[in-house]
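All of the numbers you see were taken from the coordinates with simple rules; none came from a lab. Since the structure is predicted, the reported quantities are computational estimates derived from the model, not experimental observations. FYI the Cβ positions are ideal-geometry reconstructions off the backbone, even for glycines, and counts take in every protein chain you see.
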């Protein structure tokens with residue numbers, strides 16, 4: 001338990017440093033954007049490559065991948081049913097709200113939490129692969145169809161998947177892990193140095209994003225939708241992951257703890273980006289991201305107390 005909370009302290013210390021940097025304007029108005037893009041496009045793919053290449057690939061992609069997929073899609077369906085038939089939202093708003101309720105921040109927070117709290121960055125890889133390779137192409141295709149009637153071709157969807165830097169880094173890591181290949185030392189060292197910049201950049205950017213955050217503003221925010229999505233994300237999603245992992249797949253110990261913590265991560269920030277792109281449920285997605293981001297650490301700490 002001391003190690004778990006030490007990991008949380010490290011994460012929050014860097015997040016608060018980012019908040020201070022953003023509050024003081026040290027990096028200017030584009031600081032968060034630059035750090036986020038650097039982490040996503042430059043540093044995170046090498047980090048995933050290095051960690052996956054040294055991991056037990058078969059174990060990593062079996063039960064944890066199934067838990068990530070089934071728990072997320074079940075949460076999606078529960079939210080969608082309540083949104084559609086109780087709150088009476090249209091299909092596009094229902095789809096975006098369902099993603100806010102089930103898609104986790106697997107990069108900006110998932111990788112640091114896996115590294116510092118779980119002690120193994122590869123624990124987040126099944127979630128990343130599920131979301132980027134399976135879930136995201138499906139819901140973006142649905143939103144394209146609902147908003148403008150355009151159905152992307154399979155080639156377009158596949159192209160978006162295989163060119164995603166996270167997928168590229170993970171795929172190369174899996175290839176090297178399965179084959180036993182290794183980079184020459186002269187290449188391995190710069191790759192590891194760049195990979196080492198990923199987690200600090202992510203957490204600093206995340207801290208900067210919290211400056212001025214005001215979720216659930218009266219008269220502006222769709223509070224019922226936000227609270228429903230947040231409850232699904234922070235409570236239903238990890239509970240479903242626990243039930244599936246423990247009683248269906250028979251997981252226990254550290255692996256059970258890991259898959260539940262990954263399910264308890266807050267809503268992914270790119271859900272808000274997608275909402276803006278489609279012009280649907282922007283306030284719902286923005287406020288769900290903010291609220292779950294603030295409260296998720298409490299949920300994950302509770303999971304640690306119960307399971308760690």
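Quarter the surface of the alpha carbon convex hull of the range 229-287 and you get the mean projected area, 4.4 square nanometres.
Computed over the chain, the percent of Cα pairs more than 36 Å apart is 13.
Using every pair of distinct Cα positions in the range 21-73, the Kirkwood expression returns a hydrodynamic radius of 14.0 angstrom. Each 5 Å bin from 0 upward holds the following percent of the Cα-Cα pairs of the range 193-308: 2, 11, 17, 19, 18, 15, 11, 6, 2, 0. Cβ-Cβ distance of residue 220 and residue 87, R₀ of 22 Å, FRET efficiency by 1/(1 + (r/R0)^6): the value works out to about 0.80. Annotation: the range 1-105 has a Kirkwood hydrodynamic radius of 17.7 angstrom, from the mean reciprocal C-alpha pair distance.
All distinct Cα pairs of the range 122-200 go into the 1/r average, and the inverse of that average, the Kirkwood radius, is 14.8 Å.
Stretched out straight at 0.36 nm per residue, the stretch from residue 231 to residue 24 would grow longer than its current Cα-Cα span by 71.2 nm. Using the beta-carbon distance between residue 295 and residue 189 and R0 = 35 Å, what value does 1/(1 + (r/R0)^6) give for FRET efficiency, to the nearest 0.05? Approximately 0.30, to the nearest 0.05. Rounded to two decimals, the Cα-based Rg/Rh of the range 101-255, with Kirkwood Rh, is 1.01. In the range 100-140, the convex hull through the Cα atoms has an average projected area of 2.9 nm², a quarter of its surface area.
Sorting the segments 277-283, 234-240 by their residues' average number of neighbouring beta-carbon atoms within 10 angstrom, most packed first, yields 234-240, 277-283.
Translational diffusion of the range 48-92, estimated by Stokes-Einstein from the Kirkwood radius over alpha carbon pairs at 10 °C in a medium of 1.306 mPa s, is 122 µm² per second.
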